[in-house]
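Trainee: Here you go, one structure.
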Amino acid sequence: MLNENMKTLRKSKGLSQQELAVKLNVVRQTVSKWEQGLSVPDSDMLISISEVLETPVSTLLGENMIEPEVDDLRAISAKLEVINLQLAQRKTTTKKILHWLLISLCVVTIAIFAILLALESPYLGWDYRDPETAILGVAFHSFEWLFVRIAPFILIGAIIADIRLHRPA
C-alpha cells in the first residue's frame with residue numbers, strides 16, 4: 001500500500017522520482033525501491049515524505065489511493081498555449097533583429113556614400129605610371145563605380161523589407 005500510495009501522490013504532485021529524491025536528500029534509486037516495495041522508509045523518512053507530498057502519514061500508510069484522472073484536453077491546451085507564446089516571442093525577437101540589421105545596412109550604405117562624396121575620388125589625381133599606384137587606383141575606382149550603382153538598390157531594398165516586416169499580417 002505504501003509503495004502504491006507514494007507513487008500515486010508523487011505523480012499527482014507532478015514530481016519525478018529524481019525530483020522527490022532531491023527534496024528528500026536521497027538517491028533516485030531509493031525512491032524507486034520504495035515505490036517497487038523492495039524497501040520501506042524509516043519513520044523519520046516517512047514524516048519527510050508526507051511533508052514533501054503534503055499528505056498525512058496515515059494516508060501514505062492507509063488504503064490504496066486512486067490516481068486522479070488528468071483532464072487531457074486541458075493539459076494539452078495549456079501545453080499548446082505555452083508553445084504558442086514561445087513561438088510568438090521567437091517571432092518578435094527575429095523581427096527585432098532583422099529590423100536592426102536592415103537599419104544598420106541602411107546606415108552603413110549612407111555612411112559609405114558620404115565618405116565617397118567627402119573624398120571626391122582622390123585616386124583620380126594619382127600618378128598612374130607607377131604599377132602599384134595604378135592597381136590601387138583601379139581597385140578604388142572599381143569599388144566606387146560598383147558601389148554607386150548598387151547602393152541605391154541596397155538602400156531601397158532594405159527600406160522596403162523593413163516596411164514589409166512591420167506590416168500587419
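The values are calculated or read from the model by the stated rules, or taken from the named source; none is laboratory data. Here the structure is a predicted model, which means the values were calculated and not measured. With ideal geometry, Cβ positions are generated from the backbone for all residues, glycine too; neighbour counts draw on all protein chains shown.
Trainee: Only one of Leu61, Leu102, Leu116 is closer than 30 Å to Gly157 by Cα, surrounded by 11 or more Cβ atoms within 10 Å (Cβ to Cβ) and more than 26 Å from the chain's Cα centre (by Cα); which?
Mentor: On the way: Leu61 fails: closer than 30 Å to Gly157 by Cα; Leu102 fails: more than 26 Å from the chain's Cα centre (by Cα).
When all the criteria are applied, what remains is Leu116.
Trainee: Is it fair to say Arg129 is at negative phi, outside any helix (DSSP H, G or I) and out of contact with any helix residue (DSSP H, G or I) (no Cβ under 8 Å at 6 or more places or on another chain)? Before you say what the answer is, go through the steps one by one.
Mentor: Working: at negative phi: yes; outside any helix (DSSP H, G or I): yes; out of contact with any helix residue (DSSP H, G or I) (no Cβ under 8 Å at 6 or more places or on another chain): yes.
Yes, satisfied.
Trainee: Let me ask something else about it. Conditions first: (1) under 33 Å from the mean Cα position of the chain (by Cα); (2) surrounded by 10 or more Cβ atoms within 10 Å (Cβ to Cβ). Gly14 passes all but one, so which condition is the exception?
Mentor: Going through the list (1) under 33 Å from the mean Cα position of the chain (by Cα); (2) surrounded by 10 or more Cβ atoms within 10 Å (Cβ to Cβ), Gly14 breaks only (2).
Trainee: Another question about this same structure. Could you go through region 95-113 and let me know if any residue there is assigned by TED's automatic domain parsing to the domain that holds Ile159, among the charged types (D, E, K, R) and at negative phi. Full working, then the answer.
Mentor: Going through region 95-113, the residues assigned by TED's automatic domain parsing to the domain that holds Ile159 turn out to be 95-113.
Of the ones still in play, those that are also among the charged types (D, E, K, R) are 95-96.
Keeping just the survivors that are at negative phi gives 95-96.
Scanning region 95-113, I find at least one residue that is assigned by TED's automatic domain parsing to the domain that holds Ile159, among the charged types (D, E, K, R) and at negative phi, so the answer is yes.
Trainee: Check region 90-106 and report whether any residue there is among the charged types (D, E, K, R) and either within 30 Å of Glu35 (Cβ to Cβ) or not in a helix (DSSP H, G or I) (or both).
Mentor: At the first step, the residues of region 90-106 found to be among the charged types (D, E, K, R) are 90-91, 95-96.
Still in the list and also either within 30 Å of Glu35 (Cβ to Cβ) or not in a helix (DSSP H, G or I) (or both): none.
No, the conditions are met nowhere in region 90-106.
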